[in-house]
Structure formats: C-alpha cells, structure tokens
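Reading through the structure tokens given below for one structure.
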Amino acid sequence: MSDGDPLEPAAAAEPDAAAAAELDSAADGADDAAEPADASDGLPGDALTDVQLEALLFVAERPLSRRELGAITGASPETIDGRLGDLQVVLASRGLRLIVDGERVALATAPEAGRLIGRYIGREPTRLSPATLETLAIVAYRQPATKSVIERIRGVDADYAIRSLLHRRLVVELGRSDAPGRPILYGTGVEFLERFGLTSIDDLPVVDAAIAERLTLPDADAAAGPAAAAMTAGSPEIGAGARQPAGRPR
C-alpha cells in the first residue's frame, strides 16, 4: 500500500455522492410523473363554447343528460344550460335541431329535410294507423299515462297500439304508478320528438279547451281523434321515420 492509499476511499466517495444525487433527482422526477394530472386538464370547463357542445352532441350515439355533459366537459350546470340555449338559437336556421327531453338532449335533422333524408337512406315511410295515432296523442298530451287511462279515454282496448308504439320507440316506459297493481306509466321520449320535428314536448300544438277537458275525463272517447289531428296538423311525415338523429341515421 502506498502513502496515497488512505486518500483512495475519499476519492471514491465523491462519485458515489454525485451518483446518489442523480438518483435522488431521478426519484423526484418519477414521483412527479406518478402524480395524477389535474382532472380539468384538457377540458374546457366554463369556457365551453356552443361549437364544442355541438360537436360533442353530433358524435354521441345516444341522447346525453346534462349531468353527463357536465362530467365530460368539466362545465358547471349553469354553463351547460347557457350553452344549450345558445346552441338552440344558432341551430334554428340550420339543418340540425337541438332536441330537449327533460334532462336529456340530442341533435336531430331538421323536419323540413325529412323527405330528402328518407330518400337518401332508402327508407319507406311507415304510417301509423288512426287507432295507433290516437293512442299516441293521448300519451303525448296526458303523460304519464297508464294503459287503463288510455283505454278509458279511447273506449277500446289499447294493448296492440301501445305495443306497436313501444316497438317504434315513440312511447317509452317512464316507471310505475303508485296505484294498486303498480301499472306501468307511459310517456314520450327523444324518438317521439325527432319523428314529429319537435324540439321539446312544450312544442306540441295547443288543442281546443273542450278537447283538452275531454282528454281528462274517463268518458272522453271522442277526444282522442281531434287531439291526434291537432298533433299531426302540418306534419305530413308523422311516423315516416325520415327524421334522423344527426350523425347516426338508422
């Protein structure tokens, strides 16, 4: 061993210290990388624009709830409501419409383009029979309505008409009544609005006061026909299935 041997451990310790420092730095970097990114990164939040919202609804394969829109965009309920209102105004003169069914919203093609779109996708109009249309009118104006209420108003069995409307998704099950037997409650959904060119159930034509009163009575068998006529007035394509949800023709 030379006289300089005692210095060798000290000389060797210097690179070890440097290496340890590098390892510590690398470990710190790894810890930073392991930390989850801010949940708001990449989301517009309350800066959401009507253009972004329109694009999101366009690619959606089903109606989205306001809660879902908030979760996807990071925007507050107030911002979602505001952008939906803006989008409804913007689309009023274009080829798409914003459909609002309670908490759910979707895009659909404009009613005036129904025949053209039907021709493009090669779908023949499927007309509703008078009995089925009357049943649909009762559900639309009375919803939620049970089968027994529908039958009391029409005065005849409504089982086939209801099944036909359910199959076409013009009528949906909303839940069950608290009445004895807990009968099913029927109402309309997004498909109904799309097919009839409505943006919300509030757009249903106003029926005469006398008809509206008869629709609320058990012996109102004469009211369904006029209500159906009011609902379909000016809408020759009712039941044709030509009005398709935007971006997802069926």
Checked pairs for the range 148-170, first in the same structural domain as R195 (by TED's automatic domain parsing) and over 28 Å from P63 (Cα atoms), second modelled with pLDDT of 90 or more and of a type in the set (V, I, T), C-beta under 6 Å and 6 or more apart or across chains, list as I153/I138; A158/T135; A158/I150
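Which residue, of L136, L174, L107, is modelled with pLDDT of 90 or more and outside the structural domain of I201 (by TED's automatic domain parsing)?
Sole residue among the options that is modelled with pLDDT of 90 or more and outside the structural domain of I201 (by TED's automatic domain parsing): L107.
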Show the residue pairs meeting these rules: Cβ distance below 6 Å; 6+ apart or different chains; first residue within the range 200-224 and assigned to a loop (DSSP other than H, G, I, E, B) and crowded, with 18+ Cβ neighbours inside 10 Å; second residue β-branched (V, I, T) and at pLDDT 70 or above.
A220/I153; A223/I211
Do any residues in the range 95-111 that are closer than 19 Å to V51 by Cβ and touching a residue at least 40 places away in the same chain (Cβ under 8 Å) have Cβ atoms under 8 Å from those of residues that are acidic (D, E) and buried (at least 19 other Cβ atoms within 10 Å of the Cβ), where the two are at least six apart or on different chains, and which pairs are they?
L96/E54; I99/E194; A106/E194; L107/E54; A108/E194
By residue number, the members of the range 110-133 that are surrounded by 21 or more Cβ atoms within 10 Å (Cβ to Cβ) and at pLDDT below 90 are G114, L128
Name the residues in the range 197-214 that are modelled with pLDDT of 85 or more and within 14 Å of V100 (Cβ to Cβ), would you?
L198, T199, S200, I201, D202, D203, L204
Show the residue pairs that are 6+ apart or on different chains and have beta-carbon atoms under 6 Å apart, the first residue being within the range 49-77 and within 21 Å of G189 (Cβ to Cβ) and in the same structural domain as L91 (by TED's automatic domain parsing), the second being outside any helix (DSSP H, G or I) and among the hydrophobic types (A, V, I, L, M, F, W, C).
L57/L107; F58/L107; F58/A246; P63/A106
Any residue that is assigned to a loop (DSSP other than H, G, I, E, B), modelled with pLDDT under 95 and not assigned by TED's automatic domain parsing to the domain that holds E191 - is there at least one of those in the range 12-23?
no
Given (1) buried (at least 23 other Cβ atoms within 10 Å of the Cβ); (2) modelled with pLDDT of 90 or more, number of the condition I153 does not satisfy
(2)
Among (1) within 22 Å of the chain's Cα centre (by Cα); (2) assigned to a loop (DSSP other than H, G, I, E, B), G175 falls short only on (2)
Take the range 68-92 and flag every residue that is in a helix (DSSP H, G or I), among the polar types (S, T, N, Q) and under 10 Å from D46 (Cα atoms).
T73, T79
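The values are calculated or read from the model by the stated rules, or taken from the named source; none is laboratory data. Please read all numbers here as calculations on a predicted model, not as lab measurements. Cβ sites come from the backbone with ideal geometry, for glycine too, and all protein chains shown count toward neighbours.
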